[in-house]
1. For the range 401-418, what are the residues that are touching a strand residue (DSSP E or B) at 6+ places or on another chain (Cβ under 7 Å) and assigned to a strand (DSSP E or B)?
2. Quick one: count up the residues across the range 449-466 that are open to solvent by 10 Å² or more (accessible area, probe 1.4 Å) and assigned to a loop (DSSP other than H, G, I, E, B).
3. Can you name the residue in the range 364-374 that is in a loop (DSSP other than H, G, I, E, B) and open to solvent by 10 Å² or more (accessible area, probe 1.4 Å) and, of all such residues, is nearest to Gly469 (Cα to Cα)?
4. If you go through the range 137-163, how many residues are open to solvent by less than 10 Å² (accessible area, probe 1.4 Å) and not in a strand (DSSP E or B)?
5. Within the range 176-194, identify whether any single residue is under 23 Å from His126 (Cβ atoms) and more than 20 Å from the chain's Cα centre (by Cα), and answer yes or no.
6. Any residue in the range 424-448 that is part of a loop (DSSP other than H, G, I, E, B) sitting within a Cβ distance under 6 Å of a residue that is of a type in the set (Phe, Trp, Tyr)? List the pairs, counting only those 6 or more apart or interchain.
7. Would you check which residues across the range 529-560 are out of contact with any strand residue (DSSP E or B) (no Cβ under 6 Å at 6 or more places or on another chain) and aliphatic (A, V, I, L, M) and list them?
8. In this structure, is Ile487 surrounded by fewer than 24 Cβ atoms within 10 Å (Cβ to Cβ), among the β-branched types (Val, Ile, Thr), closer than 21 Å to Ala439 by Cβ and in contact with a Pro (Cβ under 9 Å, 6 or more places away or on another chain)?
Amino acid sequence: MRNPAWKRRLSGLAGLGALMILADETRLPVFLDVTRSTGIRFRGESSPTSQKYLVESMIGGVAMFDYDGDGRLDLFFVNGGRILDPMPKGALPDKSDPKYWDRLFRNNGDGTFTDVTLKAGLKGKHYGMGVAVGDYDNDGDADLYVTGFPLNVLYRNNGDGTFTDVTEQAGVAGGNWSTSTCFVDYDNDGWLDLIVARYMDWSFENNIWCGGREPGRRSYCHPDEFPAIHHLVYRNNADGTFKDVSEATGFAKAPGKGLGIAFNDFDRDGWLDILVANDATAQQMFHNKGDGTFEEVGLALGIAYDEDGRAFAGMGADFQDYDNDGWPDIFLNALARQHYSLYRNEGGSFLYHSGPSGIQAITKLHSGWGARLMDFDNDGWKDVFVAQGHVMDNIELTEPELKYLEPPLMMRNVRGKFEDVSDRLGEGFRVETASRGVAFGDLDNDGFLDAVIYCKDCEAVVLRNGGNGNHWLLVDTEGTRSNRDGIGARIRLVAEDGTEQHGIVTTTGSYCSANDKRVHFGLGKAARARLLEIHWPSGKVQKLENIEANQILRVREPAD
């Protein structure tokens, strides 16, 4: 039987004392803007027009993944397309100009990257939005699913540095406006399925005038002006094809205005649940019933609205355990004047915790997009990184105290309370951009998490984490009975000092982006982990003991 929340909180207090001095003494890493030295030159081209077509305001995403299996993380950027001003009836954005191509950059292993887009065959087809990474065919190579308007594309990794567009035969083109997406084995059959958040029923033809009539006053429309649309679920048939089961799973019964997506097992019943961040309408949690169907329970769980019962602009999302109690929590960001939302998991239900955690006061005037619960200083507590920038490019005309361009935000987790440490993290946190998606992972395999920020109509930013000497562990899973990536595996780590952390194998989270699938643990001064316990999607539980810190630990699921 599950322990009551108050008992779990009290049981954690003993460990908190040991961490108190450590957390206070941790030297904060400095983030360096290394974009120029990496050789990465990418600009997210939204093709803005005087028509204020809503799709212009939302691009785009970036993926951090190892496409060629050399142990180093590469980068893939989704791009927009040329939009005419105005768009003729029936016309679609054009990606033929190289400035609008999606881009793949190969990690050379020396801090630099090489553009290999043409060789890989990844120029793209549609006005791009988001990207998911996963080995959907269990062949050992990371595949890509790229969302956008009006269709999506599935690229199969051929294992030789090239990709093949298999969208038509796989049956996953989707339709309308897709945003964030994820590969996830929702039915635990060993094959990765696809879940796709969609934004709204919008087109160039039904675009309307919003804002003032004076010069420069026209604005992007509020999402209330357009109908919601249901999200998509594609079940993997294990033969290279997928079946649209949006109706059968229950997703079609709960339309939304989805921008962010993440998954975890909020009630720890062994079945992964799906969180969708919606814009200006109720946030959604699709509870996995374990029989191939889901029930939308956001309101019942207390995550649909903020503490005042108001909808907000849910954009970036993450779904991880920030307080180290073993129950995954939820972080969602929003637009300025709404503040960002933290929901603490109380053992299967959620408590709105932005105020007591300090997040509400920090974020009232900020607008957030890509976000991640990530331990940037390796002290054993997941902090919050948010890429920022208002959606309205003319917001300062109507609300001078708000800003269109913003620097990133880092909120450091000090035993469950958060403090803004952005001004202490160096030059990388002074760069002001119209940020959108962000990918997180360890680009140089030094044990400290880096970030790559996608910027709308400006150059992407690569932030290298300089580290601080704290210990770490990266866990790289390989499934046998479970899906090859091990996506969905839940990991419990006990450090040598007795403190616990919990993680999940996922590439999903942030906004329209995909992260390093390796699970990162900061260990502070602990030189080893006493125990690593992996709960595989197959139901197998694997335990490893006495693990040295400061290594990339590759773990293969036992086949028996």
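The values are calculated or read from the model by the stated rules, or taken from the named source; none is laboratory data. Model, not experiment: these values are computed from the prediction. Neighbour counts run over all protein chains shown; Cβ positions are idealised from the backbone, glycine included. Ligands, DNA and RNA are excluded from the accessible area calculation, which covers all protein heavy atoms including side chains. Shrake-Rupley method; radii C 1.70, N 1.55, O 1.52, S 1.80 Å.
1. Selection gives Leu405, Glu406, Leu409, Met410, Met411, Arg412, Asn413, Phe418.
2. Residues meeting the conditions: 4.
3. The residue in question is His366.
4. Result for the range 137-163: 1.
5. The answer is yes, given that some residue of the range 176-194 is under 23 Å from His126 (Cβ atoms) and more than 20 Å from the chain's Cα centre (by Cα).
6. So the pair list comes out as Leu425/Phe31; Gly426/Phe31; Gly447/Trp472.
7. Matches in the range 529-560: Ala559 only.
8. On the way: surrounded by fewer than 24 Cβ atoms within 10 Å (Cβ to Cβ): no; among the β-branched types (Val, Ile, Thr): yes; closer than 21 Å to Ala439 by Cβ: yes; in contact with a Pro (Cβ under 9 Å, 6 or more places away or on another chain): yes.
Taking the combined requirement at face value, the residue does not satisfy it.
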